[in-house]
Each structure stands twice: as structure tokens, then as C-alpha cells.
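The values are calculated or read from the model by the stated rules, or taken from the named source; none is laboratory data. For clarity, every value in this text was computed on a predicted model and none was experimentally measured. When we count neighbours, we look across all protein chains shown, and the Cβ atoms used for this are built from the backbone with ideal geometry, even at glycine.
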């Protein structure tokens, strides 16, 4: 083992100070000050021979205040006046879709959809929108088909005796 000092490979010595930046001439004005002789960003609009103005520079977008800021709603959705769907809408639709494949879920979709419809009719601040209505329709349809299927199956078995 040698006891010689190992030099640091990342040591590049002292860092020099940067030279001060000085501006000279008309460009030495701060960037916020525009020289009076500066050219405009867009050429002035010159009328055509037919009296129609030529190209005009686009106006910058300035955000406008919303006319709906003072109104209070329970839910500010995509449209300020739109009420939210019933909280059980997702469950009703899920049960309706499951009722297509597994008939046991269809009556539950129908029942929950009917309850949500009654809630909205009673004046709760929701709407009986697409998800809840679709789930309820699926529940009604597949409950009726299930009853017809089992009724027909029972009729065939009873008639076969």
C-alpha cells in the first residue's frame, strides 16, 4: 500500500468570476422600454383598391369574466345549469349489464332504478340521466325475459308429465 495522495479527478481548480455585462448604444435600454423609433410588430393596415382592408394582425386572447360566477348550484359540471346524475346511477347501470349475463342481477337493477326515479320525482337535486335510465331499462327487459323463460320452462316440464 502506498500512502501517496490521490488527486480528485473532478477538481478543476478555482472557478473564475464572470465578466460584467455592459451594453452600449441604443440597445442599452432595459428590455421593458421600447425605443420610439422601433418598427411596429405588424405593418399598418392598408386598404385595397376596392375598400377592403388587407391582413390585420390577430388580437391577443383576453379571458372574459364568466357570467355564471355568481350562481350557486350543487354541482358545477360541464354546463353550469346541468344537475348531476343520481349517486346510484353507476351501480344501477352495472347491475343492469350484469343482469344481461347473470339474470339474478336484473331485478335489483330494476328496483334501484325505480327508487332513483322516485327520488328525482320527489325533488332531490339530481337528474335521472342516461346511466340510471339505461340500467333500469336493462333490468326491466331482462327481468321480463327471465320470467318468460322460466314460465315457459315450467310449462314444458308440466306438460311433459
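Per-structure values
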item	result
Any chance residue 135 is crowded, with 23+ Cβ neighbours inside 10 Å, modelled with pLDDT of 95 or more and farther than 10 Å from residue 86 by Cβ	yes
Close pairs (7 angstrom Cβ cut-off, 6 or more residues apart or separate chains): touching a residue at least 24 places away in the same chain (Cβ under 8 Å) in the range 89-105, not in a helix (DSSP H, G or I) anywhere	89/129
Matching option when the condition is surrounded by 15 or more Cβ atoms within 10 Å (Cβ to Cβ) and modelled with pLDDT under 85, among 93, 78, 83	83
Boolean, residue 127 is surrounded by 14 or more Cβ atoms within 10 Å (Cβ to Cβ), without any contact (Cβ under 8 Å) to a residue 24 or more places away in the chain and within 19 Å of residue 86 (Cα to Cα)	no
